[in-house]
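Each value in this text was obtained by applying a stated rule to the coordinates, not by laboratory testing. All of these numbers come straight from a predicted model, not from anything done at the bench. Here the Cβ is made from the backbone with ideal geometry for all residues, glycine too, and neighbour counts use every protein chain on show.
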């Protein structure tokens, strides 16, 4: 019996209606990831890199075209897959942001000119070279693994990073579109597991990379457990894991609110962990430092978009009517995140760890927009995610260019006098750091202005004042790097600046152009971000 016939027979299960055009971008990404796995399994090793790069870029382009077509012709909001996936205007904006940021990140991942052979391990189960690593935060020797293959052969890299990237991206797209908590949990695991593996694939400083992967995995497992336990409590309260059903139960149930707000507390811990929001940030500095820099760029940009997309959906759809009960707790979380990021960032001597604490401060700013259960809060948060993502990808692209004999030179002392060695790199880095600080004529200023305005409009003036103070404190460690580059003398044996290949150049250029355009003409992106509300 066909599914259509079964749907007409009473008592028979029927297939749920699916709007294939609405979910086509996500399905294309997952389909490309499956094809990438087959390519990795069956192609000879020397053919994998060009095939995987081409397949990944074609997949992103195809998903982008499908997204653009649906955004121009599809309905403004719907749920599909038995109401498990919501495709509305915020979802489309988040998907477009994820695809654009993934494109820039894949360009960094695919580059094999800055680091000969690529930033990833050269052989499966590559052994750590003697003296080739150290504990995070301690001294690192940084010896390189031996190239894979015969003597004299060009060093290669493990290309499974490309299917990992596509699976993580597909999980992120499902995560921010999930309309029930069970789908959201599955998407959380789909996006997390590839990232755990990608963090441990660094070609250099293998022990540092592997330690970062283990820490991320263990802390991520705890966060997933919190999320799952919160899901169970909310199911016990509402009798459903669907966000709209939880919202209905919250305003019409006579059950104890202990289950409701206990479940929300545990659920939000898992979401805040993924968003690098303090005090649930402990994985962030270590993983940012230890992971291969292209993977760090991918995590810093795309994971934050997915996490805050999910936070927005949960707070707006399921808990919008109870915001006066939980907002005070999130006020405290936002303050903690801003203070931790700004103050501890001042003490950092490694530039990747400094950017990690910067991301924690920015997560606190983003939480202001997420707490404002208004259309202005939603649009400003979405715009902030777009602006911050491109700036961050470009920053990590530049970090990968400053190198010494052991690989990337990430200690701040090694950046002294960089403007004398490479005025172009120093100038671009200065522009991006000023964007992170929120200086006018950059996307960072526009994004902060939009988020702070939305928070003021929703009665959070004290929180905005604290955010402004934290932003001023955080500006100091950005300016410290600028002063080091321009007003310090370079060491005689200081690092050099690698000539970027076409992929890295394209990624950095894209990030810089978007950062500039969103600072000068942000209207188009702001209008798109404010195009609609969440459906449930």
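Numbers below:
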{"quantity": "Cα-based Rg of segment 381-423 normalised by 2.2 N^0.38 Å, two decimals", "calculated": "1.47"}
{"quantity": "For segment 210-336, projected area of the alpha-carbon convex hull averaged over all directions, nm²", "calculated": "7.6"}
{"quantity": "Share of Cα-Cα pairs in segment 351-408 lying beyond 17 Å, as whole percent", "calculated": "49"}
{"quantity": "Whole-number Å³ per residue for the convex hull built on Cα positions in segment 449-534", "calculated": "167"}
{"quantity": "Inter-probe distance in nm under a simple model that places probes 7 Å from Cα toward Cβ, at residue 476 and residue 496", "calculated": "3.7"}
{"quantity": "Relative contact order computed over the chain (Cα-Cα under 8 Å; 6+ residues apart), in percent", "calculated": "16"}
{"quantity": "Segment 40-106-segment 461-536 distance, computed between alpha-carbon centres (Å)", "calculated": "25"}
{"quantity": "With Cα atoms, 0 to 90° folded angle of helix 20-42 axis to the chain main axis", "calculated": "40"}
{"quantity": "P(r) histogram, all alpha-carbon pairs of segment 176-280 included - 10 Å bins from 0, percent", "calculated": "15, 40, 26, 13, 5, 1"}
{"quantity": "Relative contact order [Cα under 8 Å, 6+ residues apart], segment 441-524, whole percent", "calculated": "78"}
{"quantity": "Segment 168-233: mean projected area of Cα convex hull, nm²", "calculated": "4.4"}
{"quantity": "Mean residue ellipticity (222 nm) of the chain, computed from DSSP H runs ≥ 4 via -39,500 (n - 2.57), nearest 500", "calculated": "-22000 deg cm²/dmol"}
{"quantity": "Cα pair distances exceeding 47 angstrom across the chain, given as percent", "calculated": "9"}
{"quantity": "On Cα atoms only, tilt of 89-110 relative to the major axis of the chain in degrees", "calculated": "20"}
{"quantity": "Percentage relative contact order, segment 148-265, counting C-alpha pairs under 8 Å, at least six apart", "calculated": "20"}
{"quantity": "Angle in degrees between helix 161-177 and the longest Cα principal axis of the chain, rounded to the nearest 10", "calculated": "30"}
{"quantity": "Gap separating the Cα centres of segment 367-440 and segment 231-286, nearest whole Å", "calculated": "32"}
